[in-house]
Amino acid sequence: MAHRPDHKISEIRYTITLAGRDSVSPALTYEEAIAMYQMGFRFSIFEPEQGDYRLSIPYSVVRLIDRDALMFIQDV
């Protein structure tokens, strides 16, 4: 679906592969956190040099069981 100029984006989504990580509270990799930040995700803590990233609430998480992945969703 093409982006219409009159259509405002209401949320952003980013999917990570779990690859053995805890599905309840997975630690983001540096690359994932940077990509999410660049997309516009808001963080309450964002210290890449220490490897500490915490998404600002509210956000949603959807478990994609068939893909061993999690999708993070945050309103813009």
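Computed from the coordinates by the stated procedures, all read-outs in this text should not be read as laboratory data. Here the structure is a predicted model, which is why all the values come from computation and not from measurement. Glycine gets a Cβ as well: all are built from the backbone with ideal geometry, and neighbour counts include every protein chain shown.
Per-structure values
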| read-out | value |
| --- | --- |
| Length added when fully stretched, E11-E47, from 0.36 nm per residue minus Cα-Cα | 10.6 nm |
| Rg/Rh for region 11-75, where both radii come from Cα atoms and Rh is the Kirkwood radius | 0.93 |
| Whole-number percent relative contact order across region 14-76, with pairs defined as alpha carbons under 8 Å at least 6 apart | 38 percent |
| Inter-label distance, nm, simple model (7 Å from Cα along the C-beta direction), M39/S25 | 2.3 nm |
| Angle between the chain longest axis and helix 30-39 axis [Cα atoms, degrees, rounded to 10] | 20 degrees |
